[in-house]
Each structure stands twice: as structure tokens, then as C-alpha cells.
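Structure, as C-alpha cells:
The values are calculated or read from the model by the stated rules, or taken from the named source; none is laboratory data. Given the structure is predicted, the values throughout are model-derived calculations rather than measurements. Neighbour counts are summed over all protein chains in view; Cβ atoms, including those assigned to glycine, are modelled from backbone coordinates with ideal geometry. Keep in mind that these areas ignore ligands, DNA and RNA; they rest on the heavy atoms of the full protein, side chains included. Shrake-Rupley method; radii C 1.70, N 1.55, O 1.52, S 1.80 Å.
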Amino acid sequence: MTIGENIRRIRKEKGRTQKELGERLDMTQSAIGQFENDKTSPKKDTIEKIASALGVKPSELMKGDSIWETLDKKHFDEIKNTVKYLEFIDFLKSSGYSYDCQVTKWHYREVIDEPDIREKIVDESETTLSKDGHKATFTEKEFEELQAGAKEAIEGKFYKKVLEQQKKK
């Protein structure tokens with residue numbers, strides 16, 4: 001959310017009109033409307049005054065204004081899954097496997113904010129692992145199962161070892 005959207009949201013939550021908020025700040029209703037519609041951006045001291053008039057911290061008005069914060073919220077699961085995937089690829093490489101991924105099916109979609117720009121969306125992919133002159137190709141689902149199976153195998157061996165060591169004590 002932008003600062004303007006946060007001003008509007010919080011002002012409405014507090015049951016105030018633009019005019020009432022403007023009067024408390026010695027500003028015009030039009031100035032408040034300009035902030036809320038992101039036509040102009042309030043300066044730091046103005047943000048502090050607006051926050052005070054609304055009974056919130058300035059950070060509440062600026063919450064969500066960072067592009068990285070917005071991306072993190074919107075794409076948190078995708079980022080988390082990508083990191084796990086890359087860590088698994090690193091594990092395979094450290095175990096002597098060569099890795100290659102090929103997109104086998106995709107489609108295009110228009111970018112919402114840029115109607116003349118289209119982005120390529122992956123629908124299906126294949127992963128090929130190679131080791132000692134042998135190759136195996138996995139569908140996306142099969143590769144996810146391989147990843148889950150590796151995690152289960154390692155955890156199984158780990159907890160088996162933990163139990164063995166606890167019995168020795």
C-alpha cells in the first residue's frame with residue numbers, strides 16, 4: 001500500500017472525513033485528497049503531523065510502501081520455494097550430480113501495469129540429472145517427489161542415529 005492509501009484507510013477507520021483531518025492539520029480538504037490519491041507525496045514532517053492527528057505512528061502510514069516489502073508479501077511462498085529448490089540443487093551438485101532444467105511448455109500473459117508487455121509463464125519443465133555417465137530426466141512433479149524423498153531419507157537416518165546414541169547413554 002502507498003502512503004496515500006494508508007492515510008485514507010486509517011482516516012476512514014477513525015471515522016474522520018478529509019475535511020476534518022485537514023482542519024486538524026490546518027490544511028485544505030483538497031491537500032488531504034491529493035495525498036490520498038497519490039497526486040502529491042507528503043514530506044516527512046507532514047507525515048509525522050498526519051500520523052499524530054490520526055493517533056498512529058508514522059511507520060503505520062509508510063507501511064507497505066517499499067517495493068521489496070510488497071514483493072515479499074505477494075511472493076513469499078514463491079521465494080521460499082525457490083530458495084529450497086536452489087539449496088537442493090546445490091546439495092545434488094555437491095553429491096556429484098550434474099543438473100539441467102529445460103522448459104517444455106509455457107504461455108504468455110500481459111503484464112497488468114504494462115499492457116504492451118507480455119511475460120513468459122512456465123507451465124511445465126523437465127530436470128535432467130547426470131552422474132557417472134548416466135542420465136535420468138524427471139518431470140516437475142517427479143523432481144519435487146525426489147526432493148521430498150531425499151529430505152525424508154536424511155531425516156530418517158538422522159533420527160535413527162539419534163535413537164542409537166540415546167540408547168548407548
Under a GNM of the chain (C-alpha, springs under 10 Å), which listed residue has the highest mean-square fluctuation: 93, 12, 120?
120
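Would you mind working out the magnitude of the charge dipole of the chain relative to its Cα centre, with +1 at each Lys and Arg C-beta and -1 at each Asp and Glu C-beta, to the nearest 20 Debye?
Charge dipole of the chain: 960 debye, to the nearest 20.
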Which listed residue (21, 165, 79) has the Cα farthest towards the positive end of the charge dipole for the chain, taking +1 on Lys and Arg C-beta and -1 on Asp and Glu C-beta about the Cα centre?
165
When every alpha-carbon pair in the chain is counted, what percent end up more than 19 Å apart?
72 percent
Could you give the length gained on full extension between residue 131 and residue 146, defined as 0.36 nm per residue of separation minus the Cα-Cα distance, in nm?
3.8 nm
Strictly over 23 Å apart at the Cα level, which of 93/135; 12/57; 93/120; 120/151; 105/151 would you flag in this model?
93/120; 120/151; 105/151
If R0 is 22 Å, what FRET efficiency do you get for residue 87 and residue 123 from their C-beta distance, rounded to 0.05?
0.35
Averaged per residue, what accessible area in Å² does the chain show with a 1.4 Å probe, protein chains only?
77 Å²
Would you look at the GNM of the chain, springs on alpha carbons closer than 10 Å, and say which of 79, 50, 121 moves the most?
121
Given a 1.4 Å probe and every protein chain left where it sits, what share in percent of the accessible area of the chain is carbon and sulfur?
52 percent
Chain lengthening between residue 103 and residue 1 when straightened (0.36 nm per residue, less Cα-Cα)
33.3 nm
May I ask for the angle, rounded to the nearest 10°, between helix 44-54 and the longest principal axis of the chain, with both axes built from Cα atoms and the value confined to 0 to 90°?
80 degrees
Using a Gaussian network for the chain with springs between C-alpha atoms less than 10 Å apart, which of these wobbles most: 99, 85, 108?
108
